[in-house]
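Engineer: Pasting a structure here, questions to come.
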Amino acid sequence: MTAETSGTTSTTEQNRGGLEGVVAATTVLSKIEGTTGKLIYRGYNIHDLARSTSFEEIAYLLWYGKLPTKMELVDLKVQMLEERTLPTEVLQVLNDLPSTIAPMDALRTAVSAWGAMSVEGKPGIDQAIALTVRFPVFLAAFHRLRNGLEPLESHPELDYAANYLYLLSGQIPKEEHVKALNAYLVLLADHGMNASTFTARVVASTESDIASAVVAAVGALKGPLHGGAPSKVQDMLEAIGTQDRAEGWLRDALARGERLMGFGHRVYKTEDPRAEELRELARLADPQAFALARRVEELALALLQEQKPGRHLYTNVEFYSAVLLASVGLPGDLFTPTFAASRVAGWTAHILEQINNNRLIRPEAEYTGPTEMHFVPLGER
Ligand code: ACO
């Protein structure tokens, strides 16, 4: 359905408006209610899932369409365990990258290299699993290499969230860190037709391979208007430093016409339900960092209401993601790649959904340039 047939916006308005309100696909994976602040994965409320499921259960739910039984979860974990290796060819590629590049760029390159060597045929759930479990492996390997350390092998007794922290540090992670990271991974796994998911579906719709679609999605997630915001939230909180400096700092930023990172959303016109969960997790994880973040949040919301009346700007998922991810020991430049290590479950589920009922995604552009130019050959110009 296009916006024209649904009567929401004209073609020209769509072009200017970033496709706002345009329905680009049907999906049974997740649903966002922007005015009530509700998010469901396959019918299950995000608050229930965040509080009592593992990332593996959520990946299963997205890929297979139902929550797993105990045995189904065991089988999935066995398959994940077998797959979460670092192929020598990818290690070689990561080794050759300059240690100064952003981990998000290293991740995109690693997925591309892995795809070139490992992916054949139509995307399927086995490929989705093989690719998803390698995200933490690739990220941790690059992180260790850039610090002059050898990459580690996955720990056979640790699940997705715990193994990621182990692969980074070589230490068995604290239980509270694993719990916090797992909840984060659950909360970020899927989110309707966000920019990176749309990107993945466009690539999949050309009947390209799963790795190509995911590489494109990683590129879309990287931008600060999408998944690139949390490290900028951390930069903001560090620059503010203390509660007494917050109001002046925020007023100055707005006066310079800057956007406050971690606020505003294309769909939510009320609080993002994921922010509600992450606020509580961040409060438990690091009370001191939380106190500053909470004060900054309160002031930012008040200032945005004062200076952008009627725009409905509320806290989004990225604001407390920054506090939470820092509290489990991640450096700022791993925040967005860690988001990717969750969202890859959603991307791959969307890719499978797209190709199982595929039609090439190929919209139109409204041409607004000249139409009757007189051609002059090169030598006469
Ligand atoms: N700070 C200040 N002003 C803002 C912010 C913000 N964070 N967000 C929106 N606005 C203002 C805009 O300046 C604009 O004002 P104007 O009408 O006076 O020009 C108005 O609100 C509407 O902004 P749009 O850009 O049209 O809103 P859009 O729906 O395109 O933007 C977006 C959504 C990109 C997320 C935006 O709110 C933003 O840039 N936020 C900051 C970055 C951020 O936190 N990104 C993470 C998003 S969550 C995610 O992707 C996982």
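Engineer: Checking the conditions here, which among LEU292, LEU250 is touching a Leu at 6+ places or on another chain (Cβ under 8 Å), among the aliphatic types (A, V, I, L, M), under 27 Å from LYS174 (Cα atoms) and touching a residue at least 40 places away in the same chain (Cβ under 8 Å)? Working first, answer last.
Structural biologist: Working: LEU250 fails: under 27 Å from LYS174 (Cα atoms).
None of the other options fit; the residue is LEU292.
Engineer: Follow-up. Taking the residues in the range 238-268 that are away from the ligand (no atom under 16 Å from the Cβ) and not β-branched (Val, Ile, Thr) as candidates, determine which candidate is surrounded by the fewest Cβ atoms within 10 Å (Cβ to Cβ).
Structural biologist: Restricting to residues being away from the ligand (no atom under 16 Å from the Cβ) and not β-branched (Val, Ile, Thr), the top hit is ASP244.
Engineer: ILE58: within 27 Å of THR132 (Cβ to Cβ), within 16 Å of the ligand (Cβ to nearest atom) and modelled with pLDDT of 95 or more, yes or no?
Structural biologist: no
Engineer: Output the residues belonging to the range 269-285 that are surrounded by fewer than 22 Cβ atoms within 10 Å (Cβ to Cβ) and among the basic types (Lys, Arg).
Structural biologist: LYS269, ARG279, ARG283
Engineer: Among the helices (runs of 4 or more DSSP H) lying completely within the range 64-144, list those that include at least 2 residues that are over 26 Å from GLY227 (Cβ atoms) and at pLDDT 95 or above.
Structural biologist: Numbers: elements: 70-83, 88-96, 103-118, 125-132.
In the range 64-144, the matching helices (runs of 4 or more DSSP H) lie at 70-83, 88-96.
Engineer: Kindly indicate whether VAL22 is within 16 Å of the ligand (Cβ to nearest atom), crowded, with 17+ Cβ neighbours inside 10 Å and free of Cβ contacts under 8 Å to residues at least 24 places away in the same chain.
Structural biologist: On the way: within 16 Å of the ligand (Cβ to nearest atom): yes; crowded, with 17+ Cβ neighbours inside 10 Å: yes; free of Cβ contacts under 8 Å to residues at least 24 places away in the same chain: yes.
Against the criterion (within 16 Å of the ligand (Cβ to nearest atom), crowded, with 17+ Cβ neighbours inside 10 Å and free of Cβ contacts under 8 Å to residues at least 24 places away in the same chain), VAL22 qualifies.
The values are calculated or read from the model by the stated rules, or taken from the named source; none is laboratory data. Source: prediction; values computed, not measured. Positions of Cβ are backbone-derived with ideal geometry, glycine not excepted, and every protein chain shown enters the neighbour counts.
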